[in-house]
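Here is the structure we will look at, set down as structure tokens.
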Amino acid sequence: MSKKKKHHHEDHIDETWLIPYADLLTLLLALFIVLFASSQLDQKKFEEIARSFNSAISGGIGVFDFPSPIEEEQPQSQSINKKKQQQNEQQRQEQKELQEIQAKINQYIEKQHLTGELKTTLTEEGLLITILNDILFDSGSADVRPQDQKLAKEISRLLVMNPPRNIIVSGHTDNVPIRNSKFSSNWELSVMRAVNFMKLLLENKQLDPRWFSAKGYGEFKPVASNDTAEGRMKNRRVEILILPNNQSKNE
């Protein structure tokens, strides 16, 4: 018997397409890895990555040639400048309103011939009304004299404003030591003078007590030298500070 020889014919499939396909998969894998790692990238980094990949891929239009979907953020400096402009405009408006209140109070001072006892000053903190203690209190006392209570009530009418503003009443003394049955220091005396004067102001029912506060500084915030009688007189005073609306309690 003759032996039949079997011939095995192997079919060879053309697999050359696998090489560019594998290269493409490698590029895509690298792309997704970079995108994942750069999830918080900014516009500058995005453009750098785009240039790198476009240079690696030859021919055609790269995916990074299209406009970036990331919107450019407004420069921080512009935002800060805009906020400063708004604040400056608000401050100018507040200054204008305080100037109007000051003019109203100055009219009253001139009409009542109180230029030697009362004065107004527009400061960075607000509108300051200064009242010399010598027309309100006896030496060593924190009680407003009966003949001067009318002045406190008239000033209270000048403090009725719309909208209302935060008002601080502060007491000040000279540096002459005090020690009596009621007060052991100028600090205590100044506090009670501020409180008692504020109580008289608040007898005006048009004023809301929630907008008022009292402070006492004793001899520690002088406006003149305590070496002369005139200087000590200037230091003995009550001050009313009217704050701008942007410093109100309700904000």
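With respect to being hydrophobic (A, V, I, L, M, F, W, C) and at pLDDT below 95, ALA229 fits the description. Contact map, segment 102-118: first residue touching a residue at least 60 places away in the same chain (Cβ under 8 Å) and of a type in the set (D, E, K, R), second residue part of a helix (DSSP H, G or I) and open to solvent by 30 Å² or more (accessible area, probe 1.4 Å), Cβ cut-off under 6 Å, separation 6 or more or different chains; the map is empty. Cβ separations smaller than 9 Å between residues 6+ apart or across chains give no pair from segment 202-216 residues that are touching a residue at least 60 places away in the same chain (Cβ under 8 Å) to residues that are surrounded by 16 or more Cβ atoms within 10 Å (Cβ to Cβ). Tell me, which residue of segment 90-121 that is surrounded by 14 or more Cβ atoms within 10 Å (Cβ to Cβ) and part of a strand (DSSP E or B) is modelled with the highest pLDDT? Across segment 90-121, the extreme among qualifying residues is THR120.
Checking each residue in segment 156-170 for being open to solvent by less than 40 Å² (accessible area, probe 1.4 Å) and either among the aliphatic types (A, V, I, L, M) or more than 19 Å from LEU241 (Cβ to Cβ) (or both) picks out LEU158, LEU159, MET161, ILE167, ILE168, VAL169.
For segment 141-155, the set of residues classified as surrounded by fewer than 19 Cβ atoms within 10 Å (Cβ to Cβ) and either β-branched (Val, Ile, Thr) or part of a helix (DSSP H, G or I) (or both) consists of PRO146, GLN147, ASP148, GLN149, LYS150, LYS153, GLU154, listed by residue number. Number of residues in segment 171-195 that are open to solvent by less than 30 Å² (accessible area, probe 1.4 Å) and under 17 Å from GLU239 (Cβ atoms) equals 9. For segment 143-155, the criterion of being closer than 20 Å to TYR217 by Cβ, touching a helix residue (DSSP H, G or I) at 6+ places or on another chain (Cβ under 6 Å) and without any contact (Cβ under 8 Å) to a residue 40 or more places away in the chain is satisfied by no residue at all. In the set ASN196, ASN246, only one residue is polar (S, T, N, Q) and either under 16 Å from ILE131 (Cα atoms) or assigned to a loop (DSSP other than H, G, I, E, B) (or both); that residue is ASN196. Only a single item in (1) assigned to a loop (DSSP other than H, G, I, E, B); (2) out of contact with any His (no Cβ under 9 Å at 6 or more places or on another chain); (3) open to solvent by 40 Å² or more (accessible area, probe 1.4 Å) is not met by ARG210, and it is number (1).
The values are calculated or read from the model by the stated rules, or taken from the named source; none is laboratory data. These numbers were taken from a predicted model, which means no experiment stands behind them. Positions of Cβ are generated from backbone atoms using ideal geometry, with glycine treated the same way; all protein chains shown enter the neighbour counts. For the accessible areas, the whole protein counts, side chains as well, though only heavy atoms, and no ligand, DNA or RNA atoms are used. Shrake-Rupley method; radii C 1.70, N 1.55, O 1.52, S 1.80 Å.
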